[in-house]
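Okay, structure first, notes after.
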Amino acid sequence: MANQSSQPSGLSSSESGWRRAAQAWNNFFFKPSDPTTLGLMRICAGIFTLYVHLAHTPDLYHFFGPKGWADHELATALRKEYATPHVTWTWSDQQSYNIVPPMERRVRQAFLLNWAQHLPADPTTRREALEYLLSLPPNAAHAGEGLAFAEYLVIRPKSETSRPTSDNYRLATEEERRQLLGLLTKPTIEPVDKNQLPAFVHDLTLERRQQIASSVERFVKTMSRTSPGDIAMVFLHLNQQLTIPISARRETDPRSEFQRTMLFLTGQPEPNQPDDDRGPFLPNNLEERRQVLEYITKWMLDPRKVYAQGQYIFSFWFHITDPRLMAVTHAGVLVVMALFALGLWTRITSALTWIAVLSYINRCHQMVFGMDTMMNIAVFYLTIAPSGAALSLDRWLEKRRALRELEKARRDRRPTATWEAILAGPRPSALATFVTRCFQIHFCFIYAASGLSKLKGPAWWNHQAIWNTFANPEFSPVVFEPFMQFVILLAQHRWLAEILMSLGAVYTLFLEIAFPFLVWRPVLRPYMVVGGILLHTGIALLMGLTVFGLFMLVLLMSFIPPETVQRWLELGTKAKESKAVPAPPARIDSVRV
Amino acid sequence: MNATHTEPMGVYGRLALGGLATIGIAALFEVVGWTSSTISAARVVLVFFGALLVGIALWKRPSYIRLYMLATAAAFLSRFGMPAEWDSFSVLSGLGTIAAAIGGVLVALPEGYRKLAASAIMLFHFGGILSAVTGPLSPPWLSTVAGILVYRPYLQCLYLTNAYHFYSPEPGPASQAWFFIKYKPDANGVTSATWYKFPRRPQDMTDPLMLSYYRRLSLTMRLEDYIPNPIITDQMKKARVLAAQGENGIPLHFEYMPLERQYRMPTDVARDLILPSFVRHVARRPDLQHPDGQTKIESIKVYRVEHRILAPTLLEVGMRPYDPTTYLPYYLGEFDPETGELLDPGDPLLYWMVPIIYAPNPAKGDIPPWHTPRKNPDDFILIDGVRRHTGGSDHTLAK
């Protein structure tokens, strides 16, 4: 991209506007800059990353071992089977769900694996077997009575307080079943028998009642391979589904979850309706059915309805499970991270550090919190950046070699410019600018998302949020007596507490929301950066999230110009000289577009 | 950004070719079909060193296009070089392939186009971040579509899925997890039990910055997600009220009314995946086995215990953050220690609060309303629902 400052003759004003915008973009993202800030960020991020992983050492097996908190079974399930639902292109949820299975896993197992799996493979026979359920009246109360009648034909509670477990139910005897069915097929239903039969059959003809008796017998036969407790759970689920309506959009759509389930169990794809989004239905092939039902049991979604299964994650801890090998690998990782912090072979050790960081995170996602997110961001960008080009052993080795070569060149009277340039300071690089900008923009995303999302919470509006953070007995240092006394002091002086809480809440909201806008103004940047430092120091001290705060400070460092860093590190002479080289990444040129 | 080099690669070219060949040897085992644990380990080592050699060559000569081509081939080949059981590394192999190919294209492009391409990549990257930060709760449809159809592999692979909604909508209480471990009868027919609670300060603070403690707090946070509006039938409420009756009934918490406020059903993932895994882990911990080393664990009851944040007004009247009544236990069920399966999904107390509360001491008659348990301890008795629920086991002696 051209780096022209004057408008070439013959360009229209819009062309010139585009050119100026392109130039501003080029200056902003690609103007070569000194990588010293990135070097400092690498040192800090490297040390903190090393600390984080060193802290894993006593818990290595509990967090990352095959029998850890997230054991191999859980980790594999989340990695390989995790369900990503389809994108719905209409307003209906029918595209996502063909069945809403029971909430409880045990009930799901009973309903899907122990009952639905054993329904007849042949669709016509299956439909006949479930005809009783299909013919239940649409009224939920009447249908519920119908279900209760069928349930009583199959199982009986051992006592009045029985709950749906196999221990508390028994199968109804043949005699009990015949007796109850006999009531249904009596020529006339006596008033005394009515309370044992569903209301909707009371006024039916004998012939119709005989049909119902026949269909309910076929239905209860489907449960012959199901245990009494599981049968109770099947009925429990069907009963619950009766009460959950669905807003149907078309005549053929189910009107309740019960109807949706029945459609799933009995429906068949129609060749003339390839776009029927109500399916797919229960597979006729028993092996395919088993796979589908097992997936639904685990993930609550039909695998044929999900967009994708599994996650794009990797970790060596998924595969290294031997405790000794784990210890050796962990030690190797710590060495690599130490080298990264020192800046030795940084291009290699940064990439290895990043792979290691992700491996720990991905293996036990359950122990991860915001700090790990920030650590990953820091290491990710530092892997791309020339973070070893300054304040590193790589740089020290490069300078030592350059000195040697310079002396040799002088002795041999060869050109020395190359070696002198290396010794003059870290090479300015467009990549350093580009990655620094990425750091800065990402940081603004973090602050904006964090600040704006807080606006949803009443506690941020009434300023109680700050109290909730530093009086939190598990997070904050209230476990330490002096801090506890401070909190009690606040509680005893409302005005003091209210003022502090209001200041804290307003300060947090203002900084997080305003930062992404104001930090780009050079005159305001130092105030914003100092504001951020204060915020994260406060978070570290008052909420105990020290390492999180430290990583946020690392990201915040990306706004510090390299010459400031050099000044801090007493490399003043180099900093003065570097003023001749292009502008540092953190300093934004004032651009008019 | 460096100038492009297309001339011969010299020693680093040979290094990269060596790396590619090393990975190729590992892949050859796949083709030949030789499998054993030793060969698998050798293949992993070969791929690692092969990738390292290619990486060193690229590091030393970052502007050589041919090196990027070799790196792309090496990354692609490493997918087959890794043994099948290291399947997660196919993701890393894919990432490496794409990264090396993009690197090669960027190096090959003239400077202006290179900047354009880098800008496009950056815009794509931050588009992904935008879809992630707008993702939680009720995301815009466009975010969902972009997140699922476009950015899912990218963001998952780089672990950039966080929405950064810290302390949003507002900071809430943290939780502990309490495990009541009941052993089978031992050789003498005696049944016993023990408790395991985490996280606990200072026991779980094994590093100066307390990271180990916060890690454990993160684990318990996974059990905090609950279904916002679960179906609570009249039958369920009736069963809960019935459980409160009698001398050893599990009381209801008078501060959390109506009754629905005392019911917290965890989300599917928490209930069906995470909790069983936690149970299996606790059941396997050597430090939680029966002292005789033989007796097996019969079952494990789990409670998620919300630790209330005391309002200033409660602190002012003398209540303290670690008072027993600041813990709000929710019963998550009794589990099989081997499988982590819930033993009784019909348990009437399942997902209900099992409170620890102060109640007026009946022996004291009428108690003035301004009396508090802290200032007038004799006027009150502590009713510990958890102790009653576990048959009188004293959980304050927990490990």
Solvent-accessible area per residue for the protein assembly as shown (1.4 angstrom probe, square angstrom): 45 Å²
Between B:Gln245 and B:Leu382, the FRET efficiency computed from the C-beta separation at R0 = 25 Å comes out, to the nearest 0.05, as 0.80
Taking 0.36 nm per intervening residue step and subtracting the Cα-Cα distance, what contour gain separates B:Phe124 from B:Ser37 on full extension? 27.2 nm
Expressed to one decimal in nm², the mean projection of the alpha carbon convex hull of the stretch B:138-258 is 14.9 nm²
From the C-alpha gyration tensor of the stretch A:373-470, pull out the three semi-axes of the equivalent ellipsoid (sqrt of 5λ each), sorted largest to smallest, in whole Å. 49, 13, 9
What accessible surface, in Å², does a 1.4 Å probe find on B:Trp141, ignoring ligands, DNA and RNA and rounding to the nearest 10? 120 Å²
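Report in % the part of the accessible area of the protein assembly as shown that belongs to carbon and sulfur, leaving out ligands and nucleic acids; probe 1.4 Å.
60 percent
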Check B:Tyr330: other-chain or 5+ apart residues with amide H under 5 Å from its amide H, H built from backbone geometry? B:Arg304, B:Val305, B:Glu306, B:Val354
With Cα atoms, 0 to 90° folded angle of helix B:111-133 axis to chain B main axis: 10 degrees
Projected-area average for the stretch B:239-348 over all orientations - Cα convex hull basis, square nanometres: 9.6 nm²
Projected label distance in nm at B:Tyr256 and A:Thr90, using a 7 Å step from Cα toward the beta-carbon: 4.2 nm
Return a whole-number percent for the relative contact order of the stretch B:56-101, with Cα pairs under 8 Å and 6 or more residues apart as the contact set. 43 percent
Students often check this: by mean Cβ neighbours within 10 Å, which of A:63-73, B:74-84, B:374-384, A:183-193 ranks highest, and how do the rest follow? B:74-84, A:63-73, B:374-384, A:183-193
How large is log10 I(q)/I(0) at q = 0.10, 0.14 Å⁻¹ when the Debye formula is applied to the Cα atoms of the stretch A:105-309, each weighted equally and without solvent? -0.45, -0.88
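Tell me, what is the percent relative contact order of chain A, built from C-alpha pairs under 8 Å that lie six or more residues apart?
Across chain A, relative contact order equals 24 percent.
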With Rg from the Cα atoms and Rh as the Kirkwood inverse mean 1/r over Cα pairs, the protein assembly as shown has an Rg/Rh of 1.02
So the FRET efficiency between B:Val45 and B:Val11, C-beta based with R0 = 25 Å and rounded to 0.05, is 0.60
Tell me, what is the FRET efficiency for B:Ala84 and A:Leu524 to the nearest 0.05, using R0 = 56 angstrom and their Cβ-Cβ distance as r? 0.50
What is the Cα centroid distance between the stretch A:79-152 and the stretch A:264-285, reported in whole angstrom? 14 Å
Taking a point 7 angstrom from the Cα of A:Ala417 along the C-beta vector, which residues in the stretch B:96-122 have backbone N less than 11 Å away? none
Given the Cα-Cα distance of B:Leu28 and B:Tyr113 and 0.36 nm per residue of separation, how much length would full extension add, in nm? 26.7 nm
Note the angle between two axes, namely the Cα long axis of helix A:228-242 and the longest principal axis of the Cα atoms of chain A, as a number of degrees from 0 to 90, rounded to the nearest 10. 80 degrees
In sequence order, calculated HN-Hα J values of the stretch A:407-419 (Karplus, 6.51, -1.76, 1.60; Hz; x Gly/Pro): 4, 4, 5, 5, 4, 7, 6, 9, x, 10, 4, 4, 6
Gyration tensor (Cα) of chain B, equivalent ellipsoid semi-axes in angstrom: 57, 28, 19
Expressed as a whole number, the average count of other chain Cβ atoms within 10 Å around the Cβ atoms of B:272-282 is 6
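Just add up the charged neighbours of A:Thr124: K/R +1, D/E -1, any other residue whose Cβ is under 13 Å from the Cβ of A:Thr124.
Net charge in that neighbourhood comes out at 0.
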Taking a label point 7 Å from the Cα of A:Leu171 along Cα-to-Cβ, the residues of the stretch A:125-151 whose backbone nitrogen sits under 18 Å from it are A:150-151
Compute the projected area of the convex hull of the Cα atoms of chain A, averaged over all viewing directions, and report it in nm² to one decimal place. 44.3 nm²
Taking each residue of B:84-95 in turn, how many C-beta atoms of other protein chains fall within 10 Å of its C-beta, and what is the average? 5
In degrees, nearest 10, range 0 to 90: what is the angle between the Cα axis of helix A:36-55 and the longest Cα principal axis of chain A? 40 degrees
Ranked packing of A:114-123, B:182-191, B:363-372, most packed first, by mean Cβ within 10 Å: A:114-123, B:182-191, B:363-372
Treat each spin label as a single point 7 Å out from the Cα along the C-beta direction, and report the B:Ile102 to B:Asp234 distance in nm. 6.0 nm
A:Lys456 versus B:Thr396, label points 7 Å from Cα toward the beta carbon: distance in nm? 4.0 nm
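Per residue of B:54-60, count partner chain C-beta atoms within 10 Å of its C-beta, then hand back the mean as an integer.
Mean inter-chain Cβ contacts per residue within 10 Å come to 3.
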Take peptides B:13-24, A:526-537 and line them up by average Cβ neighbours within 10 Å, highest first, as a rough protection proxy. B:13-24, A:526-537
Take the alpha carbon gyration tensor of the stretch B:174-397, find the square roots of its eigenvalues, order them as a ≥ b ≥ c, and report rounded if a/c is under 1.5; if not, report prolate when a/b exceeds b/c, else oblate. rounded
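The values are calculated or read from the model by the stated rules, or taken from the named source; none is laboratory data. Note that the structure is a prediction, hence the values are computed from the model and not measured. Don't worry about glycine lacking a Cβ; one is built from the backbone with ideal geometry, like all the others, and counts go over all protein chains shown. Side chains included, ligands, DNA and RNA excluded: accessible areas come from the protein's heavy atoms. Shrake-Rupley method; radii C 1.70, N 1.55, O 1.52, S 1.80 Å.
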